[in-house]
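The values are calculated or read from the model by the stated rules, or taken from the named source; none is laboratory data. Values in this document were obtained by computation on a predicted structure and should not be read as measured data. Cβ: placed from backbone, ideal geometry, glycine included. Neighbour counts: every protein chain shown. We work out accessible area using only protein heavy atoms, side chains counted, and drop any ligands, DNA or RNA first. Shrake-Rupley method; radii C 1.70, N 1.55, O 1.52, S 1.80 Å.
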Amino acid sequence: MRIRSDVPRRAGLGLATLGLAALGLAALGLSPRAAIAQEGLALTVDGPAIVLTNVPFSLTLRTEDGENARYRVRSADGRELAAGDLPIRAETNVDGLRVAGEGLPLTVEIEADQGSASETVDPPRFPGWISLLPPLIAIALALIFRHVVVSLFFGIWLGGFFIAGLNPLAGLWRSIDTFIVPSLADADNASILIFSALLSAMVGVISRSGGTRGIVEAVRPLATTPRRAQLATFFAGIGIFFDDYANTLIVGNTFRPITDKLKVSREKLAYLVDSTAAPVVTIVFVSTWVGFEISLIRDGLRIAAEQTPDPALAGALAAASPFTVFLSSIPFLFYPILALFMVALVIVTQRDLGPMHAAETRARTGGGVFRPGSQLMVNTEETGLDAPEGVPLRWYNAAIPVVTVVLVVLLGLYFDGRSGAGAGASIWDTFGAADPFKAILWGSLSGCIVAIGLATAQRILSLREALEGWLAGIRAMTMGFVILTLAWSLGEVTNQLATAQYLTQVLEGSLAPELVPVLTFATAAVVSFCTGTSWATMSILLPLVVPLIVALGGAAGFGTEAGGGLLVSSISAVLAGSIFGDHCSPISDTTVLSSMASACDHMDHVRTQLPYALIVAAAAMLFGHVGTSYGLPTWVAYVLGIGGLLAVMRFVGRPVPAPA
């Protein structure tokens, strides 16, 4: 899942409804926001949904009419936890608060020229490990029973149950008003839903106009075998390098009819789509990810420069170019790069492992490209998407709309980024300053207009028939929209339960600097897996890991040609580990989108992809992060890593039978 860096401040979304009076809200399980007036002062306090023992949390304070106001936060035993100035009509975040034992309720006091005011904050308090239960139980239930909708909703309800103070009925209400509605109201999430709907609608028009079958017929002389069809899918995934969402949806929807025709399983198509999208976007420095990653690296370097006692090192860190550091980190992105090699090996060798081998054998021997009884993310049967009899099968009726989407997205990224970065900015700064969600919306809408225009201008479809195909494409995505919304909502549960903060605190400690990259990779993977978001994981860990490795001496000589290798490797480990956990997580939106684009059962995709991701991660950790930390050259690490993957496919993988 890709969530921007404002994720941590969204932790108070569940309190947005709490401006009501306290009377009667307890029966509904709500924790009202404090707004108490005493002696002419008004104090507003926003607190967390719950508090975890010894895990840091924040309060947001605001006063409208206090001259020279100061605040104090006291625990139940009278200890002062924080104090400071409270400006008028401006929010003040009080960070780093911790409670243990009987530390609650907290008392917030303000004193000003006009008088004083105070308020009590008493959210439910639980041990930190309960924050892991909603995502882990939801994922376990989905893997075991394969009822992903029920499993995800149970995890959401469990989060609401904790927030409502163990009130089961109030937990049900919180599932809707605190998690699902805010997830849909988020502008970025809404953009993804609309983009997915428009792209699916475009595919609906293309299918009704015969363009999809035309593509299949045009590619048939080239993609004559399952291997060639998979190679074409792989190269298309590499070619659309500028955005992972656009990559996933365009490649999956475009190549699904081709792979279906050649009896390649939907599970294999979903794996090819998922394992090329994020790795390519992470590696290429002209993408929608680069600006976000560079901003996090810049923040980490700034914090490390402020904390290090070495003036020379502090100066080098402060003067370093975040973009140059990002470029230096690319060779250490072992998981994304090895993941691409793994995809290529699977295609070339035509060997598979575990559940994927069973899926491919089923498809090749006539058992169907998807498992009987599958809960397909897109309904590709009896959807009204088939072309009427006699429709000309023209490949360009599909190719032109798809190319339109790609070109408009690229141009949108460039022009939107140029307005933010300035006319003289470099291409990577321009792309980094762009809003990717605007660009993909512009592209998908343009594709719809072009698809409808082509179909009607050639008199293949009437305008009414084209619009019917457009609506049929959206209807086919209904199940995908439901699961995507629930996955986001469960991500909001982990956000409000401070799951990432708890995991980070548990896994950090005094370490040998050589072990920091591999442990950072593992930590990022666990956090990303449990929260379903790679971007939020990066935003949490990078500002922590960079100062940590600097404090442990891993940045010695930074700024020189041979220095700072462990620092760069640790930065790469955060990025790579976040992608690995995101790949494995059933609640990741990119995993869900891959299932949607491939019209695959979501849990079948997760189960079949997992062995490949784990094998690649093992090679990345052993040869990459551990090996290079102890002096192994990066090129040797890649040779050993690729050799290890090849050995696994040769001696563990089994050949897939030829199509019946």
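What is the gain in length, in nm to one decimal, between Glu217 and Leu193 on full extension, counting 0.36 nm per residue of separation less the C-alpha to C-alpha distance?
Here the answer is 5.5 nm.
Run the numbers for Tyr630 and Leu471: contour at 0.36 nm per residue of separation, minus the present Cα-Cα distance, in nm.
So the chain would gain 51.5 nm between Tyr630 and Leu471.
Measure nothing fancy, just the Cα-based angle from helix 565-584's long axis to the longest principal axis of the chain, in degrees from 0 to 90, nearest 10.
70 degrees
Which FRET efficiency value, to the nearest 0.05, is calculated for Arg654 and Leu407 with the Förster distance at 51 angstrom and r the Cβ-Cβ distance?
0.75
Taking only protein heavy atoms and a 1.4 Å probe, what accessible area per residue, in Å², does region 67-197 have with all protein chains in place?
Accessible surface, normalised per residue, equals 46 Å².
With +1 on each Lys and Arg Cβ and -1 on each Asp and Glu Cβ, and nothing else charged, work out how big the dipole of region 522-660 is about its Cα centre, in Debye to the nearest 20.
The calculation lands at about 320 debye.
Using only Cα positions of the chain, each an equal point scatterer, no hydration layer, compute I(q)/I(0) via Debye at q = 0.07, 0.11 Å⁻¹ and quote the log10 values to two decimals.
Values, matching the q order: -0.49, -1.14.
What's the FRET efficiency of Val181 with Asp77 using the Cβ-Cβ distance as r and R₀ = 41 Å, to the nearest 0.05?
0.60
Which value in nm describes the separation of the simple spin-label points at Thr53 and Lys438, placed 7 Å from the Cα toward the beta carbon?
A separation of 4.9 nm, rounded to one decimal place.
Could you state, as a whole-number percent, how many of the C-alpha pairs of region 62-168 are farther apart than 20 Å?
57 percent
Under 19 Å from the Cα of Lys268, which aspartates and glutamates turn up, not counting those fewer than eight places away in the same chain?
Counting by Cα, and skipping residues close in sequence, Lys268 has these aspartates and glutamates nearby: Asp244, Asp260, Asp352, Glu360, Asp582, Asp589, Asp601, Asp604.
Whose amide H sits under 5 Å from the amide H of Thr53, counting only residues 5 or more places off or on another chain, with H placed in the peptide plane?
Those qualifying (amide H under 5 Å, at least 5 residues apart or on another chain) are Phe126, Gly128.
Please quote Rg/Rh for region 137-236 to two decimal places, taking the Kirkwood radius as Rh and restricting both calculations to Cα atoms.
The Rg/Rh ratio comes out at 1.21.
Scattering from the C-alpha atoms of region 165-211 alone, worked out with Debye: what is log10 I(q)/I(0) at q = 0.32 1/Å?
Listed by q, the Debye log ratios stand at -1.01.
With the dipole of the chain worked out from charges on the C-beta (+1 for Lys and Arg, -1 for Asp and Glu) around the Cα centre, which of Gly96, Met342, Ala190 lies farthest toward the positive end?
Positive-end residue among those listed: Met342.
Sort region 44-111 into rounded, prolate or oblate with this rule: let a ≥ b ≥ c be the square roots of the eigenvalues of the Cα gyration tensor; rounded if a/c is under 1.5, and if a/c is not under 1.5, prolate when a/b is larger than b/c, oblate otherwise.
Judged from the Cα gyration tensor, region 44-111 comes out prolate (a/c at least 1.5, a/b above b/c).
With a point put 7 Å past each Cα toward its Cβ, work out how far Ser321 is from Asp299 in nm, to one decimal.
2.3 nm
Run the numbers for Leu640 and His147: contour at 0.36 nm per residue of separation, minus the present Cα-Cα distance, in nm.
Roughly 173.5 nm would be gained on extension.
With axes computed from alpha carbons, what is the tilt in degrees of helix 436-457 against the longest principal axis of the chain, rounded to the nearest 10 within 0 to 90?
Roughly 30 degrees, rounded to the nearest 10.
What is the calculated FRET efficiency for Thr478 to Tyr396, with r their C-beta to C-beta distance and R₀ = 30 Å, to the nearest 0.05?
0.50
Using the charge dipole of the chain (Lys, Arg: +1 at Cβ; Asp, Glu: -1 at Cβ; taken about the Cα centre), state which of Thr537, Pro309, Gly627 has its Cα farthest towards the positive end.
In the chain, that residue is Gly627.
Could you order the peptides 627-639, 203-215 from most to least packed, using the average number of other C-beta atoms within 10 Å per residue?
For the peptides 627-639, 203-215, the packing ranking is 203-215, 627-639.
Karplus couplings for region 42-55 from phi (6.51 cos²θ - 1.76 cosθ + 1.60, θ = phi - 60°), rounded to Hz, Gly and Pro as x?
10, 10, 10, 10, 9, x, x, 5, 9, 10, 9, 4, 6, 9
Return a whole-number percent for the relative contact order of region 255-367, with Cα pairs under 8 Å and 6 or more residues apart as the contact set.
39 percent
Report the one residue of Val516, Val219, Pro372 whose Cα lies farthest in the direction of the positive end of the charge dipole of the chain (charges on C-beta: Lys and Arg +1, Asp and Glu -1; origin at the Cα centre).
Highest projection toward the positive end goes to Val219.
Based on the alpha-carbon gyration tensor of region 520-660 and its eigenvalue square roots a ≥ b ≥ c, which shape applies: rounded if a/c is under 1.5, prolate if not and a/b is larger than b/c, or oblate?
Oblate.
Among 493-500, 229-236, 161-168, 646-653, how do they line up from the highest to the lowest mean number of other beta-carbon atoms within 10 Å?
Per-residue Cβ counts within 10 Å, averaged per peptide and sorted highest first, yield 493-500, 229-236, 161-168, 646-653.
Carbon and sulfur: what percent of the chain's accessible surface (1.4 Å probe)?
63 percent
Given Cβ point charges of +1 (Lys, Arg) and -1 (Asp, Glu) and nothing else, what value in debye, to the nearest 20, does the dipole of the chain about its Cα centre take?
2640 debye
For Leu81, list long-range residues whose amide hydrogen, built 1.01 Å from N in the peptide plane, is under 5 Å from its own amide hydrogen.
Those lying under 5 Å, H to H, from Leu81 are Val73, Arg74, Ser75.
Evaluate the distance, in nm, between pseudo-label points positioned 7 Å from the Cα of Thr92 and of Ser462 along their respective Cα→Cβ axes.
Between Thr92 and Ser462, the simple spin-label model gives 6.9 nm.
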